[in-house]
1. Checking Gln62 against (1) modelled with pLDDT of 90 or more; (2) part of a helix (DSSP H, G or I), which single condition isn't satisfied?
2. For segment 5-22: of the residues being of a type in the set (S, T, N, Q) and surrounded by 10 or more Cβ atoms within 10 Å (Cβ to Cβ), which is farthest from Arg59 (Cα to Cα)?
Amino acid sequence: MVQEQQPATSKDEQIGYHKGAISTLLAERNELVRIVQITESFINAHVAELEKLGVKISREDQKFNEVKK
């Protein structure tokens, strides 16, 4: 089996690649955090409405439901 040698990428190209990857991943992480915050606000709104209706939802109940899924 003959292996073809691929041209080595320069240090500047490697740095650019890794910086680009970090930039993309940071943007993705920020979007995930935003989605989690929105979801948490919806959960809190529903818990508040249930409490207005006399249903008590404890944090332990919420944790159980999260694990159960």
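1. The one condition Gln62 does not meet is (1).
2. Thr9
The values are calculated or read from the model by the stated rules, or taken from the named source; none is laboratory data. Quantities reported herein were computed from a predicted structural model and do not represent experimental measurements. Note: ideal-geometry Cβ built from the backbone for every residue, glycine included; neighbour counts use all protein chains shown.
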